[in-house]
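Enquirer: Please read through the structure below; I'll follow up with questions.
The values are calculated or read from the model by the stated rules, or taken from the named source; none is laboratory data. Bear in mind that the values here come from a model prediction, so they are computed numbers and not experimental data. Quick reminder, even Gly has a Cβ in these numbers, built from the backbone with ideal geometry, and neighbours come from all protein chains shown.
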Amino acid sequence: MALGDFNLFVWKSKAQQEKEQEEYESWAFPYGKPQREKLVKLMLEVFPKESETTALISFLTCKELYAKFCKTPELSGYAINKLLEMKGYKRLIRKKDMPLYVALVVADARVDENLNYPSAEEIIAMAKGFEVTKG
């Protein structure tokens, strides 16, 4: 279930809701709570004026979009370009912030169980590199 999937007239049992939440969290953070904690810390360094909730929702939305466009590792560049071409996403992700969220998503896609994320400065540099290549 994606963040954008919301229907007031669909009723699910508490068990079904919990199962879907667990599946989503497993997809979003395959290395569990330590991954989520490291990623949130990094996001708050990149976006110091944002709340954890706002940064996390924007990141997860961007991650969902990246996954939609990047069906195989070879499509990573295509997915990055598609995300950078967006003018923003439904008022959730501002156009000026999209390169930073894309850099966070790319870094997250490259991380393994060691959870060695780049620094906030490296994420910012990566995002600036995206901006240059997009023109």
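Enquirer: Take the conditions closer than 21 Å to residue 130 by Cβ, part of a helix (DSSP H, G or I), at pLDDT 85 or above and of a type in the set (Phe, Trp, Tyr) and apply them to residue 117. Does it pass? I'd like the intermediate steps shown before the answer.
Expert: Values: closer than 21 Å to residue 130 by Cβ: yes; part of a helix (DSSP H, G or I): no; at pLDDT 85 or above: yes; of a type in the set (Phe, Trp, Tyr): yes.
It is false that residue 117 is closer than 21 Å to residue 130 by Cβ, part of a helix (DSSP H, G or I), at pLDDT 85 or above and of a type in the set (Phe, Trp, Tyr).
Enquirer: Of all residues in segment 44-53 being of a type in the set (Asp, Glu) and free of Cβ contacts under 8 Å to residues at least 60 places away in the same chain, which is nearest to residue 28 (Cα to Cα)? Give the steps one after another, and end with the answer.
Expert: Let us first name the residues in segment 44-53 that are of a type in the set (Asp, Glu), namely 45, 50, 52.
Imposing the further condition that a residue be free of Cβ contacts under 8 Å to residues at least 60 places away in the same chain reduces the set to 50, 52.
Values: 50: 20, 52: 15 Å.
Applying the filter and picking the extreme gives 52.
Enquirer: Also, quick follow-up: Looking at (1) hydrophobic (A, V, I, L, M, F, W, C); (2) at pLDDT 90 or above; (3) in contact with a Phe, Trp or Tyr (Cβ under 8 Å, 6 or more places away or on another chain), which is the only condition residue 57 fails?
Expert: (3)
Enquirer: Being hydrophobic (A, V, I, L, M, F, W, C) and either assigned to a helix (DSSP H, G or I) or in contact with a strand residue (DSSP E or B) (Cβ under 7 Å, 6 or more places away or on another chain) (or both) is the filter; apply it to segment 20-38 and report the residue that is surrounded by the most Cβ atoms within 10 Å (Cβ to Cβ). Please lay out each step first, then the result.
Expert: As a first pass, look at segment 20-38 and keep what is hydrophobic (A, V, I, L, M, F, W, C): 27-29.
Keeping just the survivors that are either assigned to a helix (DSSP H, G or I) or in contact with a strand residue (DSSP E or B) (Cβ under 7 Å, 6 or more places away or on another chain) (or both) gives 27-28.
Numbers: 27: 14, 28: 17.
Residue satisfying both the conditions and the ranking: 28.
Enquirer: From 40, 46, grab the single residue that is modelled with pLDDT of 90 or more and closer than 20 Å to residue 130 by Cβ.
Expert: Details: 40 fails: closer than 20 Å to residue 130 by Cβ.
None of the other options fit; the residue is 46.
Enquirer: Find all pairs meeting these conditions: Cβ atoms under 9 angstrom apart; at least six residues apart or on different chains; first residue within segment 54-65 and within 12 Å of residue 91 (Cα to Cα); second residue modelled with pLDDT under 90 and assigned to a helix (DSSP H, G or I).
Expert: 58/97
Enquirer: Taking residue 56, is it within 14 Å of the chain's Cα centre (by Cα) and outside any strand (DSSP E or B)?
Expert: Details: within 14 Å of the chain's Cα centre (by Cα): yes; outside any strand (DSSP E or B): yes.
So residue 56 passes the test.
Enquirer: Within segment 64-104, which residues are part of a strand (DSSP E or B) and either surrounded by fewer than 21 Cβ atoms within 10 Å (Cβ to Cβ) or on the phi > 0 side of the Ramachandran plot (or both)? It would help to see each step written out before you state the result.
Expert: Restricting attention to segment 64-104, the residues satisfying the condition of being part of a strand (DSSP E or B) are 88-89, 93-94.
Correct list: 88, 89, 94.
Enquirer: Also, quick follow-up: Name the pairs: first residue in segment 69-82 and closer than 15 Å to residue 100 by Cα and in contact (Cβ under 8 Å) with a residue 24 or more places away in the chain, second residue of a type outside the set (D, E, K, R) and part of a helix (DSSP H, G or I), Cβ to Cβ under 7 Å, at least 6 apart or on different chains?
Expert: Note: pairs meeting the criteria are 80/102; 80/106; 80/130.
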